[in-house]
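The values are calculated or read from the model by the stated rules, or taken from the named source; none is laboratory data. As the structure is a prediction and not an experimental result, all values here were calculated from the model. Positions of Cβ are backbone-derived with ideal geometry, glycine not excepted, and every protein chain shown enters the neighbour counts.
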Amino acid sequence: MSDEEKLDQRIQLVASQSFGKDVDDWRRTQQDLPSRSEAIRRLVYLGLQHEQEHPMRMITAIIRPHRYDAVRDALMRLGISGITATQVQGFGRQRGQTEFYRGNEYTVAEVPKLRIDVAVASGQAEAIIEAIQKAAGSGKIGDGKIFVTGLTEVVRIRTGERDEKALD
């Protein structure tokens, strides 16, 4: 940024001490940031750049199969027009489960789960995450996880529409 581009406008930032520590820790890993304010400017710029490069999000939720209807209904109430649901198996902290069949005890290493994929505009992502969390959560181990990744492009095969137009 040249001297001509620099503005003498100050923006007040109220943040916790842990935020300041996180910024300082990150700044120490960089070679060219002389101050905390320069580090915050760089982080804001990187965040804006990320939003421009990834205007959409892919939200992947791994949930209990019996919670699918509640999650689907919550997403439909938010106006989501399409989801992909896949039956999957895996384990997390619970490391499988013990089941009884005809009086014998069996240990099942992978637990049946449901994977839900939803592509949304980045502005909708937080509402979608909250809806899935509320609908799928029971407060017990094994409720699942939600993964959020950036999407750079989406193409509707039939029409060739791209990005957010292809999501509708």
Practice task
Might you let me know whether the stretch 140-149 holds any residue that is farther than 16 Å from F91 by Cα, crowded, with 16+ Cβ neighbours inside 10 Å and touching a Leu at 6+ places or on another chain (Cβ under 9 Å)?
Solution key: no
Exercise for the section: For I59, state whether it is outside any helix (DSSP H, G or I) and under 30 Å from L13 (Cβ atoms). Expected result: yes
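Restrict the check to the stretch 107-115 and report whether at least one residue is modelled with pLDDT under 95, outside any strand (DSSP E or B) and either among the hydroxyl-bearing types (S, T, Y) or outside the structural domain of A135 (by TED's automatic domain parsing) (or both).
Within the stretch 107-115, not a single residue is modelled with pLDDT under 95, outside any strand (DSSP E or B) and either among the hydroxyl-bearing types (S, T, Y) or outside the structural domain of A135 (by TED's automatic domain parsing) (or both).
For the condition modelled with pLDDT of 90 or more, closer than 20 Å to H54 by Cα and of a type in the set (D, E, K, R), what is the one hit in E126, E161, E130? Outline the logic, then answer.
Values: E161 fails: modelled with pLDDT of 90 or more; E130 fails: closer than 20 Å to H54 by Cα.
Just one listed residue meets the conditions, E126.
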Problem - Residue tally, condition closer than 15 Å to A61 by Cα and under 13 Å from the mean Cα position of the chain (by Cα), over the stretch 114-160 - result: 20
Exercise for the section: Tell me, yes or no, whether the stretch 43-56 has at least one residue that is within 20 Å of the chain's Cα centre (by Cα), among the small types (G, A, S) and either in the same structural domain as T149 (by TED's automatic domain parsing) or surrounded by 16 or more Cβ atoms within 10 Å (Cβ to Cβ) (or both). Expected result: no
Exercise for the section: Answer with yes or no whether H66 is surrounded by fewer than 16 Cβ atoms within 10 Å (Cβ to Cβ), of a type outside the set (D, E, K, R), touching a residue at least 12 places away in the same chain (Cβ under 8 Å) and in a helix (DSSP H, G or I). Expected result: no
